1. What are the residues in the range 205-234 that are free of Cβ contacts under 8 Å to residues at least 40 places away in the same chain, within 25 Å of Ala172 (Cβ to Cβ), in a helix (DSSP H, G or I) and of a type outside the set (Phe, Trp, Tyr), if any?
2. May I ask you to verify whether His201 is out of contact with any helix residue (DSSP H, G or I) (no Cβ under 8 Å at 6 or more places or on another chain), under 27 Å from Ser106 (Cβ atoms) and surrounded by fewer than 18 Cβ atoms within 10 Å (Cβ to Cβ)?
3. Please give the number of the condition His112 fails out of (1) within 24 Å of Val224 (Cα to Cα); (2) surrounded by fewer than 21 Cβ atoms within 10 Å (Cβ to Cβ).
4. Need the failing condition index for Thr192 against (1) within 14 Å of the chain's Cα centre (by Cα); (2) surrounded by 24 or more Cβ atoms within 10 Å (Cβ to Cβ), just the number.
5. Here is a list of conditions, (1) surrounded by 15 or more Cβ atoms within 10 Å (Cβ to Cβ); (2) small (Gly, Ala, Ser); (3) under 29 Å from Asp6 (Cβ atoms), and Ala176 meets all of them except one; can you say which number that is?
6. Name the helices (runs of 4 or more DSSP H) wholly within the range 1-83 that hold at least 2 residues that are of a type in the set (Gly, Ala, Ser) and surrounded by fewer than 18 Cβ atoms within 10 Å (Cβ to Cβ)?
7. Could you please let me know if Gly96 is in contact (Cβ under 8 Å) with a residue 40 or more places away in the chain and out of contact with any His (no Cβ under 6 Å at 6 or more places or on another chain)?
Amino acid sequence: MNKLFDGEVALVTGGSSGIGRATALAFAVEGAKVVVASRRNKESAETVRLIEAEGGEAMFVKTDVSKSSEVEALIAEIIKRFGTLNFAFNNAGIEGDPFVPIEKYSEATWDHVIDVNLKGVFLCMKYELPYIVKSKGAIVNMASIAGLVGGRVGSAYYASKHGVVGLTKAAALEYAEKGIRVNAVAPAVIKTPMTDRSFFHDDELTAGVISRHPVGRVGVPEEVANAVVWLCSDRASFTTGHTLPVDGGFLVP
């Protein structure tokens with residue numbers, strides 16, 4: 001049976017858990033050699049183990065995407081090991097203080113969220129693109145429904161994700177003539193360790209969050225992973241500069 005990415009190389013940042021882990025596994029199922037980048041050793045090693053247990057090939061490179069030197073070293077390590085890079089899912093992100101109004105939002109937290117969620121995507125593309133251009137590959141960035149609408153509290157998160165949407169559009173236009181596609185996914189609330197911290201520690205809050213999704217539930221990481229795999233595949237060959245909501249109807253007017 002033909003696989004979508006037989007022998008090609010895919011990078012997933014933030015691949016230690018949640019959507020990142022699910023996407024790393026999804027790439028591996030489709031035949032890709034997977035590079036997991038994350039700050040967390042134990043959890044990332046488990047992602048690699050899960051891939052290898054199914055007969056796939058994977059490696060972990062510890063990386064803080066907010067640091068240029070570490071991202072540059074990550075890409076160098078990929079090229080050293082595999083000689084190429086075909087696909088990248090720039091997924092690493094943090095929530096910051098999700099329920100703090102602007103007047104109480106600390107500058108340090110603002111800087112940290114922007115550094116990871118927005119500058120991190122920029123740095124990853126900066127060092128990925130020379131190799132993605134050579135391989136005629138594709139990039140998917142992690143945005144959010146918070147990058148497509150406004151909302152109360154969590155200002156840095158909203159700002160960072162709006163920035164990812166704009167950055168994705170800019171990169172898509174810059175590299176379209178070179179045959180490179182750059183898209184983003186915009187999940188609504190997905191059941192992950194991050195959303196567990198933010199939403200699922202209180203029954204009333206959980207019920208309120210679920211009620212915002214017309215399908216009657218929140219999403220699971222595999223549903224976002226499937227969208228990322230599709231956007232990287234030739235099945236999405238005429239799609240670039242697009243931010244794809246994976247939202248259970250959250251954004252329907």
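1. The answer is Glu223, and nothing else.
2. Working: out of contact with any helix residue (DSSP H, G or I) (no Cβ under 8 Å at 6 or more places or on another chain): yes; under 27 Å from Ser106 (Cβ atoms): yes; surrounded by fewer than 18 Cβ atoms within 10 Å (Cβ to Cβ): yes.
Answer is yes for this residue.
3. Every listed condition holds for His112 apart from (1).
4. The failed condition is (2).
5. Against the list (1) surrounded by 15 or more Cβ atoms within 10 Å (Cβ to Cβ); (2) small (Gly, Ala, Ser); (3) under 29 Å from Asp6 (Cβ atoms), Ala176 comes up short only on (1).
6. Numbers: elements: 18-29, 41-53, 68-82.
In the range 1-83, 41-53, 68-82 are the helices (runs of 4 or more DSSP H) which contain 2 or more residues that are of a type in the set (Gly, Ala, Ser) and surrounded by fewer than 18 Cβ atoms within 10 Å (Cβ to Cβ).
7. Values: in contact (Cβ under 8 Å) with a residue 40 or more places away in the chain: yes; out of contact with any His (no Cβ under 6 Å at 6 or more places or on another chain): yes.
The answer is yes for Gly96.
Condition check ((1) free of Cβ contacts under 8 Å to residues at least 40 places away in the same chain; (2) closer than 22 Å to Leu251 by Cα; (3) within 18 Å of the chain's Cα centre (by Cα)) across all residues:
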position	(1), (2), (3)
Ala73	yes, no, no
Asn91	no, yes, yes
Ala108	yes, no, no
Met125	no, no, yes
Ile132	no, no, yes
Ser135	no, no, no
Ala138	no, no, yes
Ala143	no, yes, yes
Ser160	no, yes, yes
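The values are calculated or read from the model by the stated rules, or taken from the named source; none is laboratory data. Please read these numbers as outputs of a predicted model, since none were measured by experiment. Heads up, the Cβs are rebuilt from the backbone with ideal geometry, glycines too, and the neighbour counts pull from every protein chain shown.
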